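FYI, it's all coordinate maths here, none of it is from the lab. Predicted model only: the values in this text are computed from it and were never measured. As a convention, Cβ positions derive from the backbone with ideal geometry for all residues, glycine included, and neighbour counts pool all protein chains shown.
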Amino acid sequence: MPEIKIDLKQTVNNSYKVFIGKNLDLAKELKKGKFGQKYCIVTDSITLKLFGNSLLKYLRKNDIEAELVSFQQGEKFKTLKTIETLAEEMIKKGFSRKDTIIALGGGVVGDLAGFLASIFQRGMPYIQVPTTLLAMVDSAIGGKTGVDLKAGKNLLGTITQAKAVFIDTNYLKTLPINQIRSGLGEIIKYGIIQDAKLFKFIEDNTDKILKLEEKAINYIIKRSVEIKAELIQKDEKEAGKRMILNYGHTYGHALEKLSNFTLLHGYAISIGMVIVNKIAVEKGLLKVADAERIKKLFIKVGLPVTTMKKLSNKDIKNDKKRDGDYINLVFATKIGAVTIYKEKCL
């Protein structure tokens with residue numbers, strides 16, 4: 001029988017830089033980085049009014065060719081239908097794979113725009129310009145993209161790294177307090193899974209953080225990005241160590257779905273972390289004192305710790321981390337350390 005080998009071995013460099021600061025000169029960085037021939041700003045209907053139109057004018061004023069496409073704001077619009085609509089608009093505006101998408105917005109925009117970039121004409125570059133605290137420390141970093149299905153959150157997607165991430169803390173000025181708290185849910189998570197010092201800093205500086213005092217905000221953003229960067233450098237495709245970033249997310253994602261995505265992500269994973277902490281205590285993996293300390297910090301920053309929705313195995317069985325009849329749950333063993341545990345879900 002004839003046998004033909006197709007040798008596709010290659011070395012891929014997905015490295016990129018994350019820029020953190022105030023009043024970042026995006027036009028200057030785009031010209032320096034030469035990310036694409038022209039740029040398509042992808043944003044949602046709310047961010048369009050707040051920042052989208054002004055960013056478009058700013059880029060054009062600086063001799064950067066740019067267009068803008070948008071979709072209705074909200075997790076329920078993070079769908080394949082939205083991807084199709086945006087792609088059709090991009091075709092009409094003459095974009096090709098040699099151009100670059102700018103994902104301008106929160107986590108929904110970043111996930112959706114990144115997924116669009118990964119499949120548009122079989123792949124084009126994109127950069128992240130997150131405008132929420134949650135996106136700055138979480139979804140804009142690490143290359144996870146995707147859309148939701150009726151069965152659950154982010155069930156279709158790719159891991160496609162951005163070419164650069166620009167975190168401008170000026171965007172935080174317009175955020176309502178519930179969005180700041182939502183971002184803190186992820187930041188506290190980083191402290192629990194990897195950095196007890198970060199956790200203690202949030203305990204000691206809650207008021208400064210909620211008031212967006214520059215020094216405190218810059219520290220928690222920078223430290224969060226460093227922790228996530230360290231984990232994805234070791235495990236880009238989530239085959240091992242990166243899984244610890246999912247601490248609290250299995251139950252959190254289920255709660256988001258049960259709320260029809262009206263519950264903010266940071267609020268959902270706050271409850272999710274409390275749920276897994278309770279299980280960890282029952283298994284003898286986590287001390288009661290540490291579980292209570294974590295819960296107190298969630299309460300202190302204004303995050304929920306209980307839910308009226310009683311979750312069952314049925315609610316988590318479609319989670320992406322499922323492995324046959326088991327699911328990989330992340331349990332805290334103390335503040336600053338976690339372990340991955342296989343739990344039967346069927």
Among the listed pairs 49/163; 61/228; 9/93; 61/93, those beyond 28 Å (Cα-Cα): 61/228; 9/93
In nm, the gap between the two label points placed 7 Å beyond Cα toward Cβ at residue 24 and residue 85 is 2.8
Roughly how many Å is it from the Cα centre of segment 22-60 to that of segment 269-293, as a whole number? 42
Based on DSSP H assignment, which helices of the chain show an axial Cα extent of at least 24 Å together with a mean Kyte-Doolittle hydropathy greater than or equal to -0.5? 177-194, 214-234, 265-282
When DSSP beta bridges are limited to those with both residues in the chain, what percentage is antiparallel, rounded to the nearest 5? 40
20 Å cut-off, amide nitrogen to a point 7 angstrom out along residue 222 Cα→Cβ, residues in segment 144-168: 165-168
Divide by every residue of the chain the summed helix terms, -39500 (n - 2.57) for each DSSP H run of at least 4, and state the resulting mean residue ellipticity at 222 nm, rounded to the nearest 500 deg cm²/dmol. -12500 deg cm²/dmol
Could you name the aspartates and glutamates whose alpha carbon sits less than 16 Å from that of residue 222, not counting residues in the same chain fewer than 8 places away? 138, 168, 186, 195, 213, 214, 230
Neighbour-count ranking [beta-carbon atoms within 10 angstrom, fewest first] of 51, 261: 261, 51
